[in-house]
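A.B. asks: The structure's right below; bear with me while I get my questions together.
The values are calculated or read from the model by the stated rules, or taken from the named source; none is laboratory data. Bear in mind the structure is a predicted one, so any value in this text is a computation, not a measurement. Glycine also receives a Cβ, built like all others from the backbone with ideal geometry; neighbour counts cover every protein chain displayed. Note: areas computed on protein heavy atoms with side chains; ligands, DNA, RNA excluded. Shrake-Rupley method; radii C 1.70, N 1.55, O 1.52, S 1.80 Å.
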Amino acid sequence: MIHRALFPRSLLSSSSWPRSCLSSSFSKLGGGCHGDASRAVSSMPEPCRSSPFSDDESRDIDWDSLGFGLLPTDYMYVMKCSEDENFERGQLSRYGNIELSPAAGVLNYGQGLFEGLKAYRKEDGGLLLFRPHQNALRMRTGAERMCMPSPSVEQFVDAVKQTAIANRRWVPPSGKGSLYLRPLLVGTGPVLGLAPAPEYTFLVYASPVRNYFKEDSGALNLYVETEFVRASRGGTGGVKTISNYAPALKAITSAKSRGFSDVLYLDSVNKRTLEEVSSCNIFLVKGNVISTPATSGTILPGVTRKSVIDIARNRGYEVEERAIDMDELFDAREVFCTGTAVGVAPVGSITCMDKRIEYQTGAGTTCQELYSTLVGIQTGTIEDKNGWTVEIS
């Protein structure tokens with residue numbers, strides 16, 4: 001569904017598009033500039049070599065209506081390789097649907113990874129990426145676990161840069177959100193027996209977003225899940241494979257139907273130690289000590305998590321990465337979550353074993369201090385002394 005209120009009226013008329021680019025992001029045929037539903041999956045979409053839009057047209061978009069939902073942008077980046085080859089140079093094409101074989105490895109066996117990172121608009125209009133090299137390294141680690149070739153760090157970062165620049169008019173003004181970039185690495189080649197796919201596609205698309213949770217700037221209300229688990233030892237919980245996420249929907253749906261924001265998972269063996277929330281890592285604050293579960297194979301090593309740990313230590317906090325028993329939830333002064341989508345989000349309450357525990361939130365909290373510092377670095381209002389940001393325009 002197209003959110004018409006967010007688009008300039010001129011975009012909703014095909015007459016405003018050049019003939020070479022009529023296969024737009026709204027096309028159901030997708031692919032390249034000349035969308036053709038019969039094109040084989042292994043063929044590369046034809047590139048659009050110039051944008052029909054100026055950066056000024058972003059002024060007509062109602063940024064205040066943004067949430068965390070998909071809004072089709074202008075371009076995506078696509079790069080392919082076979083099983084025994086390396087990725088070579090990819091290209092930008094019009095955003096649109098892609099065609100897959102019914103026997104594609106990603107459809108039959110879940111052979112796929114994704115990443116998430118953001119482009120931010122500075123007050124002077126320039127664009128910043130936040131730690132894209134970390135996402136690239138994490139994808140390479142995941143690709144090795146999932147028996148997939150992966151782009152080099154340089155290829156990954158270049159693809160993200162190109163996608164952000166091509167869709168720059170979709171980057172919200174400073175303070176109004178960000179452009180969420182979603183790199184995908186999937187087995188697109190056909191395979192019937194259980195085996196690595198013969199062909200792989202690396203793709204980056206984008207969407208302007210604001211807050212992930214509906215509570216906007218309010219505190220989260222979590223539920224400790226004691227029936228379902230997110231990951232087990234020896235599994236894939238420590239990599240960002242697509243197969244980690246659909247199994248979480250059962251617990252999330254149940255929790256949200258009872259008024260909770262999300263669920264907090266426990267370890268799969270004893271169901272005593274904290275792991276992570278469905279879409280983010282978790283931190284507990286007690287005095288000057290900040291504690292977070294160690295990433296020991298079942299927990300995703302978040303880029304925001306890593307950044308917040310460094311920021312907290314630089315600001316004088318003692319940060320522990322260790323096993324945390326769920327009983328420690330009752331002693332914490334604050335709890336907060338971190339992730340690319342959620343940023344640094346305060347937790348107002350956690351319901352554990354039918355007991356509701358409430359935490360400090362708002363001004364003067366550790367969470368707010370770390371959030372303000374992180375956002376300042378990401379948007380260029382605080383000096384980046386660590387070299388985390390990459391200026392792309």
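A.B. asks: Have a look at Leu284, Leu249, Leu329 and point out the one that is outside the structural domain of Met146 (by the TED database) and under 16 Å from Met353 (Cα atoms).
C.D. replies: Leu329
A.B. asks: Can you give me the number of residues within region 130-167 that are closer than 13 Å to Leu203 by Cα and outside any helix (DSSP H, G or I)?
C.D. replies: The number of residues fulfilling the criteria is 2.
A.B. asks: Identify all residues within region 344-358 that are touching a residue at least 60 places away in the same chain (Cβ under 8 Å) and either in a strand (DSSP E or B) or buried (at least 17 other Cβ atoms within 10 Å of the Cβ) (or both); write none if there are none.
C.D. replies: Pass one, region 344-358, residues touching a residue at least 60 places away in the same chain (Cβ under 8 Å): 345-353.
The answer is Ala345, Pro346, Val347, Gly348, Ser349, Ile350, Thr351, Cys352.
A.B. asks: Please specify each residue of region 159-175 satisfying the condition of being open to solvent by 30 Å² or more (accessible area, probe 1.4 Å) and either in contact with a Pro (Cβ under 9 Å, 6 or more places away or on another chain) or among the hydrophobic types (A, V, I, L, M, F, W, C) (or both).
C.D. replies: Lys161, Ile165 - these are the residues of region 159-175 that are open to solvent by 30 Å² or more (accessible area, probe 1.4 Å) and either in contact with a Pro (Cβ under 9 Å, 6 or more places away or on another chain) or among the hydrophobic types (A, V, I, L, M, F, W, C) (or both).
Conditions tested, residue by residue: (1) in contact (Cβ under 8 Å) with a residue 24 or more places away in the chain; (2) in a strand (DSSP E or B).
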| position | (1), (2) |
| --- | --- |
| Pro173 | yes, no |
| Leu179 | yes, yes |
| Arg182 | yes, yes |
| Val186 | yes, yes |
| Gly193 | no, no |
| Pro208 | yes, yes |
| Gly218 | yes, no |
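A.B. asks: Would you tally the residues in region 89-119 being open to solvent by less than 40 Å² (accessible area, probe 1.4 Å) and among the β-branched types (Val, Ile, Thr)?
C.D. replies: 1
A.B. asks: Could you pull out the residue among Leu249, Leu264, Leu274 that is outside any loop (DSSP other than H, G, I, E, B) and in contact (Cβ under 8 Å) with a residue 60 or more places away in the chain?
C.D. replies: The conditions single out Leu264.
A.B. asks: Please work out if Leu203 is among the hydrophobic types (A, V, I, L, M, F, W, C) and either assigned by the TED database to the domain that holds Asn270 or surrounded by fewer than 17 Cβ atoms within 10 Å (Cβ to Cβ) (or both).
C.D. replies: No.
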